[in-house]
Amino acid sequence: MNSMFKAFENIYNHNDMIRVFFSPGRVNIIGEHIDYNGGLVFPAAISIGTYGAIRSRTDHVIRLYSSQFVDQGIVYTDLNNLSYHQKDGWANYAKGILNLLKKRGYEISFGFDLYIEGNLPTASGLSSSASLEVLVAYIANELYNLKLSRIDLALLAQEVENDYMGMHCGIMDQLIIACGIKDKALLMNTATLEMETSNAIFPHYQWVIMNTNYQRKTTESKYNERVYECNLGLEILKEKYDIKYLCELNVSDLPDVRKMIEDGIIYQRVKHAVTEQDRTIQSKDMMAKGDVLGFARLLNESHQSLKADYQVTGFHLDTLVEAALNHGAIGARVTGAGFGGCAIALVESKKVLSFRQQVSQIYKDLTGLDAQFYEVTFENGVHEVK
């Protein structure tokens, strides 16, 4: 906290009346690429994330600075100039939140100075962008006394991601970052926004996030491509099935679905959505029973589906997951959009140190890159740091 006050003072030449907020990142334990298909997902808010130190102003000026993008310096704007500009980079996420609030008629009457600092790696699949969006939405809610619910804030952030930033994501990331509960995961119905609290910890096992550190180059376009492919499949299936989302189908429907969808690629995308929904439902039961081996099996099946049917893993993620499974993890899979980024592994606690050493060396030998490992805990959603 003291370091943030000092950094704020160095950037803005004052540090009085500062408030500090924290917005976690998220890891999705299982249920990948189905939040935009009306599916059930099983995410948790994690102990690494994004901090924001803020001080209100008396004018309409907004100044934004991130310690993760120091080359960009302070981004200057004001409440009458909130349109998207590519040159503003990361700051567009903050501008987008304020822009949408103003469009909806909320009274945003004064500016602020905001300093951002975080330990969440960007482009990692841990939702750094959603963490930032929800952080700014929560800060705005507090600063301007808007009285929005946490679900309202999540929906606001998702709309900014979709329409302002052009990334056609589902609601999962924003919802768990807004609504996370310490030591728990939330089983979320992304079609209805219903949430059910679940245990997410197995005794004597540790969740380890593994970062490939592979710089993803086409994630946004490929992600939007998968959304489009799923929508194509949905439109074909609506000729027979009275459904709004792919995840309303059952695994038993797949033989008939295969006959209806001639395009093999489109069928594979549908197959993943339907089977991943089934795995997520099973995972809740495995967690409730404390069946760690059954849960691990579902993690492995999820990765294989994301690799073969959804084709979002790639060499770096597959290498990391394979090394993990060969050296201590009982279950592992890609988490997030894929195409690089992170994977999650379930590792026996007493084996974590040797696991990290062995997997790190194998990954370095095969890819030339250094993987990073995070032994995370599950935490509450966005909040003010008192």
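The values are calculated or read from the model by the stated rules, or taken from the named source; none is laboratory data. Everything quoted here is computed from the prediction, not taken from an experiment. Virtual Cβ from ideal backbone geometry, glycine too; neighbours counted across all protein chains shown.
If you go through the range 306-351 and keep only what is without any contact (Cβ under 8 Å) to a residue 40 or more places away in the chain, of a type in the set (S, T, N, Q) and crowded, with 22+ Cβ neighbours inside 10 Å, you end up with just THR313. Scanning the range 208-228 turns up no residue that is at negative phi, aliphatic (A, V, I, L, M) and over 18 Å from the mean Cα position of the chain (by Cα). One residue stands out among those in the range 231-262 that are touching a residue at least 24 places away in the same chain (Cβ under 8 Å) and either polar (S, T, N, Q) or not in a helix (DSSP H, G or I) (or both): the one that is surrounded by the most Cβ atoms within 10 Å (Cβ to Cβ), which is LEU249.
Against the list (1) touching a helix residue (DSSP H, G or I) at 6+ places or on another chain (Cβ under 8 Å); (2) more than 17 Å from ARG333 (Cβ to Cβ), the condition ALA200 fails is (2). Report, by residue number, each residue of the range 352-374 that is loosely packed, with under 14 Cβ neighbours inside 10 Å and touching a residue at least 60 places away in the same chain (Cβ under 8 Å). Within the range 352-374, just ASP370 meets the criteria.
For (1) surrounded by 15 or more Cβ atoms within 10 Å (Cβ to Cβ); (2) of a type in the set (Ser, Thr, Tyr), each residue gets a yes or a no:
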site: TYR144; (1), (2): yes, yes
site: MET165; (1), (2): yes, no
site: HIS168; (1), (2): yes, no
site: GLN174; (1), (2): yes, no
site: LYS182; (1), (2): no, no
site: VAL208; (1), (2): yes, no
site: THR212; (1), (2): yes, yes
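Here the strands (runs of 3 or more DSSP E) wholly within the range 1-92 that include at least 2 residues being more than 24 Å from the chain's Cα centre (by Cα) and free of Cβ contacts under 8 Å to residues at least 24 places away in the same chain are 75-78. Spot the failing condition for ASP285; the list is (1) surrounded by 15 or more Cβ atoms within 10 Å (Cβ to Cβ); (2) in contact with a helix residue (DSSP H, G or I) (Cβ under 9 Å, 6 or more places away or on another chain); (3) among the charged types (D, E, K, R), and only one is missed. Result: ASP285 passes all but (1). Scanning the range 18-75 for residues that are more than 17 Å from GLU142 (Cβ to Cβ) and hydroxyl-bearing (Ser, Thr, Tyr) gives TYR36, SER47, THR58, TYR65, SER66, SER67.
Is one or more of the residues making up the range 25-37 over 28 Å from ASP163 (Cβ atoms) and buried (at least 16 other Cβ atoms within 10 Å of the Cβ)? Yes.
Taking LEU175, is it at pLDDT 95 or above and within 25 Å of ILE54 (Cβ to Cβ)? No; evaluated as a whole, the condition is false for this residue. Per this entry, TYR228 is not counted among residues that are touching a residue at least 12 places away in the same chain (Cβ under 8 Å) and of a type in the set (Phe, Trp, Tyr).
Note on the range 263-274: residues that are touching a Lys or Arg at 6+ places or on another chain (Cβ under 9 Å) and part of a loop (DSSP other than H, G, I, E, B) amount to 0.
Scan the range 49-105 for residues that are over 26 Å from ASP16 (Cα atoms) and in contact with a Pro (Cβ under 9 Å, 6 or more places away or on another chain) and the total you get is 0.
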